[in-house]
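The structure appears right after this line, and notes come after that.
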Amino acid sequence: MALDPLTMLTLTVALAFAASLYQAIEWRTVREPSLLFWSAGFALISVGSTLALLRVSGLLLIGIWFANGLLVTAHWLFLLGVARFRGVRLSRGWYLIFVAWSALLLLPGEQIWSKVILLLNSFLVALPTLRASLLLRPRDKSLGAAAAQLRYVLLGHSLFYFAKMIPPLVPGTLIDLSVFGGTIIQISLVEGVMAIMLIALSMTGTVRYRRERQIERLAARDPLTGMYNRRALEARAPRLLSEASPARPGALLLIDIDNFKLVNDLHGHAAGDRLLITLGEMIRVVLPGGALAARLGGDEFVILLADASHERIVALGDVLRKRFHDNANQHFATPEPVTLSIGVSTFDQPPASLVALIEQGDVALYESKRGGRNSIRLADRSLMSQAAAGA
Ligand SMILES: Nc1nc2c(ncn2[C@@H]2O[C@H](COP(=O)(O)OP(=O)(O)OP(=O)(O)O)[C@@H](O)[C@H]2O)c(=O)[nH]1
């Protein structure tokens, strides 16, 4: 099938316009600013490709210099979008692209004009695209498959434009950009159409993936302490619970602040919030590998331990009780001590459910409160550890 350049160019205009619209609509829901940069980039490609038609009418400045300038600007916008997405600040040196492009206007209008334009245009498209591709190198698992795809599409696109620099450098090659013909232009148009489709789709996929991850993360976390919430604990606990055996017994520690209401009442709700955050951090610090922790709500927290001996539970609970009591005592004067009560339920085989374990822990916690607070109680009502008098 013969590739008619005019048809290809029309297709490019239509696709770039559709991609621009697609990114803009996506931005309305996702509100990710990089989508606006990308949308603007595709819009410029659409306008530039339309203006490129004017070169056959002899309008070379608009049809070649200006149209290709828009193509360069579009790729620069793609780079800005990727940088924004990755939270990277770009050097001001990237603005030199426009200086270099404007300098083309000083060229004498001779045969060499087409060659220099093609050379510089290819270079100025390839460079920001390569940089954008490098910015998408994964530093963590937060990017996802679409970003990897975008990275390779940009890399391929950039290499294509670097390769386009070769023909103008070969002596004796005849290049006339004012006519729509020749292999370079034909191949470029096909590559352009493919690149627009792939880049637009993977850009949208990249943004969507990150948004989904953010939503997932927000749904699983308690907004105040950043710890898992009850729902996230319920989703993650079954694996830990199923690993319990007499050789590797597990334990659930239900932790509740004693007299927390006094902190709120005497020092304000914000002070109460700070204390909850502090307790969350303390739990994070002492949490052994493989264990889970969550804030169930209010001033109630939970720790789920795998492989938990009696000594380990007491040691962990005592460290928490002591650190918390010291901190609360130091920052918030109250008539009654602000301490921790801990109810423990242990299991040496997979328990019926997390809810059942929490209920058992709750009974033990109640016993701790009844017994004078600031202590660790086991679900069979035995006292595991209690504060020394006055501590
Ligand atoms: N600052 C703050 N307070 C909260 C939050 N969630 C719940 N609370 C308060 O925490 C308190 C919890 O009530 P209780 O557990 O009955 O109070 P307590 O004084 O600790 O009572 P004991 O547990 O019996 O010692 C209530 O006053 C709630 O208003 C929160 O996110 N921030």
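Just so it is clear, none of the values below were taken in a lab; they were calculated from the coordinates. No experiment lies behind these values; they were computed from the predicted model shown. All Cβ positions, glycine included, derive from the backbone under ideal geometry; neighbour counts span all protein chains shown.
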Legend entry - Tilt relative to the chain, helix 33-52 - C-alpha long axis, 0 to 90 degrees, to 10: 10 degrees
Inset, instruction - Return one number: the angle in degrees, 0 to 90 and rounded to the nearest 10, between the long axis of the Cα atoms of helix 354-370 and the longest principal axis of the Cα atoms of the chain. - result: 50 degrees
Inset, instruction - Provide, for q = 0.14, 0.15, 0.25, 0.29 Å⁻¹, the log10 of I(q)/I(0) from a solvent-free Debye sum over equal Cα point scatterers in the range 192-241. - result: -0.54, -0.57, -0.89, -0.99
Inset, instruction - Return the distance in nm (one decimal) between the two label points of a simple spin-label model at residue 54 and residue 201, each offset 7 Å from Cα along Cα→Cβ. - result: 3.4 nm
Inset, instruction - Could you tell me which of 353, 275, 365 has its Cα farthest along the dipole of the range 272-391 towards the positive end, charges placed at Cβ (Lys, Arg +1; Asp, Glu -1), taken about the Cα centre? - result: 275
Inset, instruction - Give the shape of the range 216-330 as rounded, prolate or oblate, defined through the alpha-carbon gyration tensor: a ≥ b ≥ c are the square roots of its eigenvalues, a/c under 1.5 means rounded, and otherwise the shape is prolate if a/b is larger than b/c and oblate if not. - result: oblate
Inset, instruction - Sort 269, 310, 75 so the one with the fewest other Cβ atoms within 10 Å of its own Cβ comes first. - result: 269, 310, 75
Inset, instruction - Counting helices only, and only those DSSP H runs with n ≥ 4, report the 222 nm mean residue ellipticity of the chain as the sum of -39,500 (n - 2.57) divided by its residues, in deg cm²/dmol to the nearest 500. - result: -20500 deg cm²/dmol
Legend entry - Using θ = phi - 60° and Karplus 6.51 cos²θ - 1.76 cosθ + 1.60, couplings along the range 317-330 (whole Hz; Gly, Pro as x): x, 5, 4, 4, 4, 5, 4, 5, 4, 4, 5, 5, 4, 6
Inset, instruction - Report the far tail of the P(r) of the chain, meaning the percent of Cα-Cα pairs longer than 31 Å. - result: 55 percent
Legend entry - Cα-centred dipole magnitude for the range 15-128, charges only on beta-carbon of K, R (+1) and D, E (-1), debye, nearest 20: 300 debye
Legend entry - the chain: Lys pairs at Cα distance under 22 angstrom, eight or more positions apart or on different chains: 4
Inset, instruction - Could you give the size of the charge dipole of the range 230-386 about its Cα centre, using +1 on the Cβ of each K and R and -1 on the Cβ of each D and E, expressed in debye and rounded to the nearest 20? - result: 180 debye
Legend entry - In sequence order, calculated HN-Hα J values of the range 98-104 (Karplus, 6.51, -1.76, 1.60; Hz; x Gly/Pro): 6, 5, 4, 5, 5, 4, 4
Inset, instruction - Would you be so kind as to identify which of 333, 233, 249 lies farthest towards the positive end of the dipole of the range 230-386, taking Lys and Arg as +1 and Asp and Glu as -1 on Cβ and the Cα centre as origin? - result: 233
Inset, instruction - Name the residues whose placed amide hydrogens come within less than 5 Å of the amide hydrogen of residue 221, ignoring near sequence neighbours (fewer than 5 apart) on the same chain. - result: 229
Inset, instruction - Can you check how the C-alpha radius of gyration of the range 5-220 compares to 2.2 N^0.38 Å, as a plain ratio? - result: 1.05
Inset, instruction - Taking the Cα centre of the chain as origin, sum charge times position over the Cβ atoms of Lys and Arg (+1) and Asp and Glu (-1), and report the length of that vector in debye to the nearest 20. - result: 640 debye
Legend entry - Signed unit charges on C-beta, dipole axis of the range 5-220, positive-most listed residue 157, 23, 180: 23
Legend entry - Efficiency of FRET from Cβ geometry, residue 209 and residue 179, R₀ 35 Å, rounded to 0.05: 0.20
Inset, instruction - For each of 29, 278, count neighbouring Cβ atoms within 10 Å of the residue's Cβ, then give the residues from fewest to most. - result: 29, 278
Legend entry - Likely footprinting exposure, 4, 362, fewest C-beta neighbours within 10 Å first: 4, 362
Inset, instruction - Starting from the Cα-Cα distance between residue 123 and residue 334, subtract it from 0.36 nm times their residue separation and give me the gain in nm to one decimal. - result: 69.0 nm
Inset, instruction - Note the angle between two axes, namely the Cα long axis of helix 230-242 and the longest principal axis of the Cα atoms of the chain, as a number of degrees from 0 to 90, rounded to the nearest 10. - result: 70 degrees
Legend entry - Long-range HN-HN contacts of residue 245 with modeled amide H, under 5 Å: 250
